[in-house]
Amino acid sequence: MTSRRGTVVRRLAVAASAVALTAAGLAPMTGTAAATTNRQPDFGPNVFVYDPSTPAAEIQAKFDQLFAQQEENEMGTNRYAVLFKPGQYDVNAKLGYYTTVAGLGRSPDDVDVHGAVRVIGQPDPGSAAGISALTNFWRSAENLSVTPTDWSNQWAVSQASPMRRVHIKGILWLEPGNGGYSSGGYIADSKIDGITINGSQQQWLTRDSVLGDAWTNGVWNQVFSGVTGAPQQGFPNPPYTTLATSPVTREKPYLYVDDAGRYRVFLPALRHNTSGTTWDAGQQQQGSSVSIDDFYIAKPGDSAAKINLALLLGKNLLLTPGVYHLDQPIHVLRKNTVILGLGMPSLAPDTGKSALEIADVDGVRVAGVLVDAGKKESKTLVKVGGPLSHRDHSANPISLQDVFFRIGGPWVGKAETSLEVNADDTLIDNIWAWRGDHGNGIGWTQNTADTGVVINGDDVTAYGLFVEHYQKYQTIWNGERGRTIFYQSEMPYDPPSQAAWTSPTGKGYASYKVGKKVKSHEAWGLGVYSYFNQGVDIRADRGIEAPQTPKVRFHDMITVFLDGSGGIERTINDAGTPVVGSYGTSTIVDYP
């Protein structure tokens with residue numbers, strides 16, 4: 001039973017929150033109106049929402065316009081999302097940089113694109129084929145089905161270009177064509193009815209999906225975790241690492257429209273020891289649903305203070321496309337907060353502070369966000385939990401999905417560490433931390449960054465760690481009982497001398513370092529590559545460095561000399577063969 005005084009206090013609190021929201025321009029809704037509205041949310045000018053009544057020519061013209069603008073706009077600031085309400089569409093969508101295409105149904109099959117949602121190769125004089133996908137980054141397809149009207153649906157991508165909750169009703173083709181180069185990607189919770197042509201893809205992670213036909217060939221490191229129809233374990237020849245199930249997963253949140261036309265965000269449930277999709281064969285995906293009215297819909301130009309006020313007052317956060325320049329971190333203090341990006345929005349800390357700091361609380365979900373370091377050096381770009389964090393989050397972990405970091409590229413950027421995870425049980429699902437090797441503000445003394453990812457929390461699980469070009473260790477794992485399923489890393493291209501790139505344990509820095517006090521750790525499918533391009537003989541004593549203890553275990557590792565000078569002497573600790581001076585690979589199936 002509730003006292004009259006308690007009711008009055010709550011009403012005053014609600015009224016105060018409403019006043020604060022209104023003062024900040026957050027436009028609160030209350031009562032029945034908030035629960036039943038089916039209005040079109042204001043997602044800003046760079047989100048395009050279509051329904052089946054929209055003329056196909058209008059939709060095609062928009063895709064053609066966006067592709068013409070974004071095909072080569074690699075370091076630009078424009079961001080876009082194209083959303084389809086349930087129905088069938090006849091469209092050939094080519095995706096350029098910073099473009100997301102997503103369905104708004106509860107199942108991928110609710111939106112059926114007849115034609116293609118594709119990524120094509122780019123001209124590359126350095127490739128024997130004259131075409132490559134090596135820089136096809138920062139774009140995505142989600143929550144729809146594609147019925148190809150050509151012979152396949154081409155998805156020639158590299159890092160930071162996920163395909164999630166997609167049903168390909170035919171052949172999926174992952175390379176740019178004619179053997180052109182391509183350097184790896186990510187698929188989750190998807191179904192491919194026909195053959196998947198891997199082609200020249202150097203590495204790839206497919207997680208919790210269904211392959212209805214063969215997966216063809218592979219170059220160095222192909223990992224399948226919880227994939228029905230996956231090829232059998234074969235590393236290193238063929239280079240397949242196959243895990244029957246994924247130990248712990250929670251799929252990415254997604255926007256959808258319910259039967260009454262109301263916008264909502266679905267929050268998939270935590271699962272253990274899974275395989276296959278969450279939605280195929282008539283399954284009802286487990287989880288919960290949140291009204292769009294429970295989100296503050298942010299626009300570029302919103303201040304960190306305004307966003308933080310909305311979060312403090314109990315809102316979740318939906319970031320519409322664009323670049324968010326921040327003078328202070330976005331602080332997430334409340335459990336179960338959702339931060340969801342539309343159209344690859346960028347968080348850009350301008351004052352040397354973090355972009356995002358998450359308290360040691362249950363169930364925070366961050367998905368679909370880029371983080372761009374600023375000119376003033378940040379110590380950490382994203383911090384999860386604090387240095388004393390050791391709460392048990394196993395029943396409701398914090399998760400980071402499709403979160404991508406850049407040090408340099410769009411502009412000069414500096415940050416000591418990109419991602420620091422202190423909270424136990426955190427789930428990391430498709431991260432690309434990249435110290436830029438091309439673009440704006442690139443150079444050994446310009447876009448400075450020590451380490452991409454530091455894991456201090458216990459029982460952290462990572463699927464799809466892509467960490468590249470940092471100036472010291474790429475990844476440092478200090479927490480106990482950590483698990484990595486798929487790791488891809490290029491060492492920095494540009495050390496000017498061996499003296500400038502020497503660690504406490506020898507020449508160069510290992511890419512993946514497990515802390516010397518760690519007693520238990522396991523990782524599957526790791527690739528570490530060298531391309532020292534300064535014309536100097538640079539050596540790394542090892543690609544992976546870890547304590548030699550029975551419960552620190554590694555499976556299916558490869559080190560590769562790509563080009564340039566110098567190379568990597570050993571694959572892990574003192575095991576493996578040198579890949580130095582010319583193209584070569586060194587593989588180890590199990591260690592120790």
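The values are calculated or read from the model by the stated rules, or taken from the named source; none is laboratory data. These numbers come from a predicted model, not from an experiment. As a convention, Cβ positions derive from the backbone with ideal geometry for all residues, glycine included, and neighbour counts pool all protein chains shown. Keep in mind that these areas ignore ligands, DNA and RNA; they rest on the heavy atoms of the full protein, side chains included. Shrake-Rupley method; radii C 1.70, N 1.55, O 1.52, S 1.80 Å.
When a 1.4 Å probe is rolled over the protein heavy atoms, the share of accessible surface on the chain that falls to carbon and sulfur comes to 51 percent. Between 0 and 90 degrees, the angle of helix 4-23 with respect to the longest Cα principal axis of the chain falls at about 70 degrees. Cross-link check: pairs LYS252/LYS315; LYS383/LYS507; LYS315/LYS375; LYS335/LYS379; LYS335/LYS516 evaluated at a Cα-Cα cut-off of 21 Å; pairs beyond the cut-off: LYS383/LYS507; LYS315/LYS375; LYS335/LYS379; LYS335/LYS516.
Values (i) 12; (ii) 20; (iii) 38 are given for comparison; percent of Cα pairs over 45 Å apart, derived from the coordinates here, is the one labelled (i).
For the stretch 87-99, backbone phi angles converted through the Karplus equation (6.51, -1.76, 1.60; θ = phi - 60°) give residue-by-residue couplings of x, 10, 9, 9, 7, 10, 9, 9, 9, x, 4, 6, 10 Hz, Gly and Pro being listed as x. Taking the C-alpha atoms only, the angle from helix 56-70 to the longest principal axis of the chain is near 50 degrees. Rolled with a 1.4 Å probe across the full set of protein chains, the surface gives SER520 an accessible area near 30 Å². In a DSSP loop and with at most 16 other Cβ atoms within 10 Å, the chymotrypsin sites (Phe, Trp or Tyr not before Pro) in the stretch 388-462 are TRP444. When the GluC sites (Glu not before Pro) in the stretch 39-93 are filtered for DSSP coil states and for at most 13 other beta-carbon atoms within 10 Å of their beta-carbon, the remaining sites are GLU72. Here is the list for the stretch 505-543: trypsin sites (Lys or Arg not before Pro) lying in DSSP coil, each with at most 13 other C-beta atoms within 10 angstrom of its C-beta, are LYS516, LYS517, LYS519.
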